[in-house]
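Quick notes on the structure that follows.
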Amino acid sequence: MTIQVMLADDENLIRDAVASLLDLEEDIDVVGQAASGTEAVALARRLAPDVAVLDLQMPGLDGIEAAAQILTEVPGCACVIVTSHGRPGYLKKALEAGVRGFLPKTVSAKVLADVLRQVVAGGRYVDPELAAEAISAGASPLTAREADVLELAADGAPVEEIAVRASLSPGTVRNYLSSAASKLGAANRHEAARTARARGWI
């Protein structure tokens, strides 16, 4: 059986290189390529591949958001995330979304091909180093709402703007930010956002 693979990465050179290497495998056929998360979902819907290989950080939907949509709309398609940003929080989010493989872009084409065979056969694969990092970083102390508000604050948006975007009152936003900063032992929301981002919690 030939494994039908769709690739999504906004870096054309990397995507083309991976496609060429995978096409050398006798049992793997790259049937489609996308340059964004949104494009990946549309393409998966049209092609219904066996597996989608998604870059974590892409314009539009990121790899995890794209995977969640693909898994809902094309249930027969397994999703694998490849990333150069192996932060622990991303791994946890990916697994919660139903992603079956999570590996760094530094792996060889042979390892990627083996992972694709493994996930299509119903298995899972998480890069051991990324798994170890995720375990040592521990779970996020932030509630989902605190993480949302902190993420909006990470780009330096004022409280009033965050309040509008999160559909909350400015006072509630301040409370969430203060609580998040205190949990992370940060002096202010900017430091809290930096800490949470570095650990992959936002």
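The values are calculated or read from the model by the stated rules, or taken from the named source; none is laboratory data. Remember, it's a predicted structure, so these values are computed and weren't measured experimentally. Here Cβ is always computed from backbone atoms with ideal geometry, including for glycine, and neighbour counts include all displayed protein chains. Keep in mind that these areas ignore ligands, DNA and RNA; they rest on the heavy atoms of the full protein, side chains included. Shrake-Rupley method; radii C 1.70, N 1.55, O 1.52, S 1.80 Å.
If ligands, DNA and RNA are left out, what is the accessible area of Val30 with a 1.4 Å probe, given in Å² to the nearest 10?
20
Which listed residue (Ala68, Pro128, Ala154) has the Cα farthest towards the positive end of the charge dipole for the chain, taking +1 on Lys and Arg C-beta and -1 on Asp and Glu C-beta about the Cα centre?
Ala154
What is the gain in length, in nm to one decimal, between Asp10 and Gln118 on full extension, counting 0.36 nm per residue of separation less the C-alpha to C-alpha distance?
Between Asp10 and Gln118, full extension yields 36.4 nm more.
What do you get for the angle between helix 128-137 and the principal long axis of the chain? Use alpha-carbon atoms, 0 to 90 degrees, nearest ten.
Helix 128-137 sits roughly 10 degrees off the main axis of the chain.
Compute the long axis of helix 37-47 from its Cα atoms, compare it with the longest principal axis of the Cα atoms of the chain, and write down the angle in degrees, 0 to 90, nearest 10.
So the helix axis and the longest Cα principal axis differ by about 30 degrees.
About the Cα centre of the chain, how large is the charge dipole given +1 on each Lys and Arg Cβ and -1 on each Asp and Glu Cβ? Please answer in debye to the nearest 20. Each step should come with its number before you reach the end.
On the way: 19 positive and 27 negative charges, 173 e Å.
In debye, rounded to 20, the chain gives about 840.
Between Leu103, Leu152, Leu43, which gets the highest mean-square fluctuation from a Gaussian network model of the chain, Cα cutoff 10 Å?
Leu152
Using a 10 angstrom Cβ neighbour count of at most 15 plus a DSSP loop assignment to flag exposed GluC sites (Glu not before Pro), which longest range of the chain is free of such sites?
Formally, the longest exposed-site-free interval is 27-202.
Under a plain spin-label model, where a point goes 7 Å from the Cα along Cα-to-Cβ, how far apart in nm are Ser167 and Leu24?
Rounded to a tenth, the inter-label distance reads 5.1 nm.
If you count, for each residue, the other Cβ atoms within 10 Å and average over each peptide, how do 44-50, 164-170 line up from highest to lowest?
Values: 44-50: 18.0, 164-170: 13.4.
Peptide ranking by packing, descending: 44-50, 164-170.
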